[in-house]
Structures are given as structure tokens and as C-alpha cells.
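Right, one structure below, let's go through it.
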Amino acid sequence: MKKIKDLQAWIEGYAEVEDAVDELSLAWEYAKEGEFNESELDEIYGSTIEKIEKLELRNMLRREEDKLGVVLKINSGAGGTESQDWASMLMRMYLRWCEKHGYKTSIANILDGDEAGIKSCTINVEGDFAYGYLKSENGVHRLVRVSPYNAQGKRMTSFASVFVTPLVDDTIEVRVDPALLSWDTFRSGGAGGQNVNKVESGVRLRYQFTDPYTGEQEEILIENTETRDQPKNKENAMRQLRSILYDKELQHRMQEQAKIEAGKMKIEWGSQIRSYVFDDRRVKDHRTGHQTSDVGGVMDGEIDGFIKAYLMEFASEAQ
């Protein structure tokens, strides 16, 4: 059914573009005869271009993992409260973007900041092509603003990192060795209530992973406090583990290990993929050169322009 749905979307998209082009050609003929004014023709032309670009953008998402959901993790950089506040602003930005596009989100884990904001969070995003679009957000995001947490009102620079991995579904086979798994349980943090701080519903998964290609060993650590049901949290943690293992396999299969590791740079000067300069009302992506002065709109989840610019420039390299 998923394959049928995908093919149907292509057929409908092509038919929509074909009808729009036919309508534009007819309007042009009428315009030459004086039966259409220039503003009406411009409106039809703009609508046609929009439909073509929409289909062209979908064509950039042809890799197997592009159609999957996303595990999106945000970590605050050095800088204390200011960086933690910036991380929470990014979390809100992505949640608003998901809401605008009809994606289902759930916060798998969140670690609050000392005074404000968050130290880290993990968000599961479910829906078609969520990974295809949000993979452009992987990297370090830099904020420049007059900090409300600085008594002198100085302009400060903060960093936060965003890591994006595909959220695997039942169509993806990933082998997990039970012998390498271990579990801990703990009481979930939060405001309290009937159950949240009294029952050990939070789970901590540890997986001893050995890279089959390099022989390198690492411990994968996942915490999940999404629900008050421990078995459900274990199920969600296992899903995240499968997503991480699938992402590791993708890195080797597509021979992009060097690219991905280069993208996971230190959260500091010179490593950012995008800068958000509030005082100058400017947000600029350093990979594509795309920028906008609508800082408020961007922080409200309007990041489609950045996603489109990235996919148009870089997606074809990875096909």
C-alpha cells in the first residue's frame, strides 16, 4: 500500500503540472489576443512555477531513507544558560515546522537547563519524507543576540548542535543482538503527579556496538521517559536503537562516512552551518548562501526556504 501511495502521488503530481502548463499556454494565447491582462497571466505563471518546483523538490528525495521519519536530537553548546535557551528555541522552531506540515511529534527525552532552556532533547518525528527534508538541519546552529541573561546587555554568541537520523519503521530490517543489550530503570523527572516520580517508568538502554567495517567499539546509550508505561518506553528506546544502527549502516553503504563525520564538528566558532543574527535581522545558511530577514518567521518554523536550497544544491550528489 505504501508503494501504491507513493506511485499515486507521482502520477497526481505530474497530472497537476501538466494541467497547469496547458492552462498557462492557453492563457498566453488569450493574452496575445488581448483577452487576458498581464496581471492575470503573471498569476497563472507563478502558480505553474510553484507546482513545477514542488514536484522537482520531491524528485530530490529518492533515497530509501528519505521517506522515513526522523530522530532529531538537539544539544546545547558551551555557554551556560544562553546556549541552553538557544537549544530550547531550536526545539520550538522544529516543533512548529512539524506542526505546519502535519507531522506527528513526540519528545522521547528532555534534559532541562539549570536556569532556563534545555541541555538536550530527543524528538521523534513521524510522517512521509520527514527525514528527506530535515536531513538538511544536521550540524551546528549559531545564535547572535543581545542576551537577556547578561546584566550588561552585551551581544553574545551561542551554539547548539542538531543531529538527524532516520526513524526506521517495520519495512526496514535491522539486526539487534540481545546479548549486547542491557537495561536500567529510573524515576522520570518532571513536575510530579500521581505516578511520574514514584514509579521507575524511565528506561536507560545500553548497547555494546562493534562496527563491522572498522572493528571500533562504542556504547550506545539511549534514555526514554516519553510515557508513564515502562514497557512502552522500552519499545520506544528499541526503536531509537534500530534507527541509530540503520543510520550507521547507511553511512557505510553510501560511502559518506567522511561527509557525515565532517558535519559533526565541535560546537564552536567556524563550524556552524547556519547563523541566526537577531540584531541585524538576518538568518543565513553558510552552505547554500540562502538567507532571509524574516527572523521571527524562521523561529516560528518557516524554514522551507533553507531546506529547499539545500536539497536543490546537494541532494543530487547523494542519489
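List of remarks:
- Among K308, K67, K32, the residue with the largest mean-square fluctuation in a Gaussian network model of the chain, with springs joining Cα atoms closer than 10 Å, is K32.
- Distance between the pseudo-spin-label points of A9 and F314 (7 Å out from Cα toward the beta carbon): 2.2 nm.
- Residues with amide H under 5 Å from that of V168, placed H, sequence gap 5 or more: S243
- Cross-link check: pairs K51/K119; K51/K248; K154/K248; K2/K73 evaluated at a Cα-Cα cut-off of 32 Å; pairs beyond the cut-off: K51/K119; K51/K248; K154/K248.
- Helix 2-32 vs. the chain, principal-axis angle (Cα, 0 to 90°, nearest 10): 30 degrees
- Those GluC sites (Glu not before Pro) in segment 6-36 that DSSP places in a loop and that have at most 16 other beta carbons within 10 Å: E33, E35
- Distance-filtered residues of segment 284-312 - backbone nitrogen under 12 Å, label point 7 angstrom along K100 Cα→Cβ: 294-308
- For the chain, the relative contact order comes to 18 percent (Cα pairs under 8 Å, sequence separation of at least 6).
- Three semi-axes of the equivalent ellipsoid, the chain, Cα gyration tensor, whole Å, largest first: 39, 27, 19
- Farthest positive-ward along the chain dipole, Cα basis, beta-carbon charges - from Y14, A130, L61: A130
- Label zone at K119 (point 7 Å along Cα-to-Cβ), backbone N below 16 Å, segment 218-250: 221-225
- Within the chain, helix-based [θ] at 222 nm, where runs of 4 or more DSSP H residues each add -39,500 (n - 2.57), nearest 500: -13000 deg cm²/dmol
- Selected from T105, T214, T288 as most flexible by GNM, with the chain as the system and alpha-carbon contacts under 10 Å: T214
- Footprinting exposure proxy for L7, L311 (fewest neighbouring C-beta atoms within 10 Å first): L7, L311
- Choice from A160, A20, A116 showing the highest fluctuation, given a GNM over the chain with Cα pairs closer than 10 Å: A20
- Our estimate of slack between L41 and S182, defined as 0.36 nm per intervening residue step minus the Cα-Cα distance, is 44.3 nm.
Only the coordinates and a few stated rules stand behind these numbers; no lab work does. As the structure is a prediction and not an experimental result, all values here were calculated from the model. Neighbour counts run over all protein chains shown; Cβ positions are idealised from the backbone, glycine included.
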